[in-house]
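Structure, as structure tokens:
The values are calculated or read from the model by the stated rules, or taken from the named source; none is laboratory data. Values in this document were obtained by computation on a predicted structure and should not be read as measured data. Using ideal geometry, Cβ is built from the backbone for each residue, glycine included, and neighbour counts are taken over all protein chains shown. To get the accessible areas, we keep the full protein, side chains included, count just its heavy atoms, and leave off ligands, DNA and RNA. Shrake-Rupley method; radii C 1.70, N 1.55, O 1.52, S 1.80 Å.
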Amino acid sequence: MNGESPSGTDRTRGGRDPRAPHWFDFNQINELPNDWGFKVLEWDDDPDTDGVDNRGEAEVVRGDHRFVITTWLQPRECTHDRYWSVTYEMVNQDGESEPLSFHISTLQSIARNNLGHALDVLDSAGTEPHVLVRDYNDGPRETFEYPTEHMAEKAADLQVELKIGNNDRDYLVTVHSKDEWQQTLERERSLHTDTEREGSE
């Protein structure tokens, strides 16, 4: 090997580029026979340009379940923070597959633990589908179906954190079992039908 990694990053720096902390450790993951086989999505190595980024993505598939782990550098004054996101591809209210994160942090080890625990829960018997509901004030209502209560609640906790950190996000997040949610929808339809009937009399 000529000192150049498959992603085009110069290994001779040993990851000491102050704009890309931990890049060397991150890149080493590519060489390990595990689920975290990252590909670099974007790498700008020009220190004179704005928006220097170091972003990678890994995919973990377990049967019908798909997880995406993403890592990126978040610029801040004089240096950067590396973030890790663990996303599960669930089903939204339109019956379409849609990825939604249930974990974001600055620690790779915690991200690994969250993915590992989610996989363990999926492998265990007796999982029950749960629905995360994101209800906007005077606006749309979005639903996201997860295969387990654990993952729906983790995603809901993250949605609440994101809402707290951004005043533009105006929604209420709740989690229900799929059966409970279907009963709620049936009650709403029944009430709507009764209201229409009363209005036509």
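Rounded to the nearest 0.05, what FRET efficiency do Q74 and D135 give with R0 = 22 Å and r taken as the Cβ-Cβ distance? Could you check?
Numbers: r = 29 Å, r/R0 = 1.33.
Computed FRET efficiency for Q74 and D135 comes out at 0.15.
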Discussion item. Can you list residues from other chains, or at least 5 along the same chain, whose modelled amide H is less than 5 Å from the amide H of T148?
Written reply: H130
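In square angstrom, what is the accessible area per residue of region 78-201 with a 1.4 angstrom probe? All intermediate terms of the calculation are to be shown ahead of the outcome.
Values: 7340 Å² over 124 residues.
Ligands and nucleic acids excluded, the figure is 59 Å² per residue.
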Worksheet item: Ranked by accessible surface with a 1.4 Å probe, highest first, in what order do D138, D170 come?
Response: D138, D170
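Given R₀ = 22 Å, FRET efficiency for E186-V121 by Cβ-Cβ distance, to 0.05?
Numbers: r = 28 Å, r/R0 = 1.29.
Computed FRET efficiency for E186 and V121 comes out at 0.20.
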Worksheet, complete the sentence: The set of residues whose placed amide H lies less than 5 Å from the amide H of Q93, leaving out same-chain residues fewer than 5 positions away, is T143
Fill in: Residue-by-residue Karplus 3J(HN,Hα) for region 67-78, coefficients 6.51, -1.76, 1.60, Hz, glycine and proline x
10, 10, 9, 10, 10, 7, 9, 9, x, 8, 4, 6
Worksheet, complete the sentence: Distance in nm between T193 and L107 label points, each 7 Å along Cα→Cβ, equals 5.2
Item to complete: In whole Hz, with x marking every Gly and Pro, tabulate ³J(HN,Hα) for region 96-111 from phi via Karplus 6.51 cos²θ - 1.76 cosθ + 1.60, θ = phi - 60°.
Response: 9, 6, 9, x, 9, 5, 10, 7, 9, 7, 9, 10, 5, 4, 5, 4
Response to the item:
Rounded to the nearest 10 Å², the accessible area of I104 using a 1.4 Å probe with every protein chain kept is 60
Worksheet item: What ³J(HN,Hα) values, in whole Hz, does the Karplus curve 6.51 cos²θ - 1.76 cosθ + 1.60 give for region 170-178 when θ = phi - 60°, with x put for Gly and Pro?
Response: 10, 8, 10, 10, 9, 10, 9, 5, 4
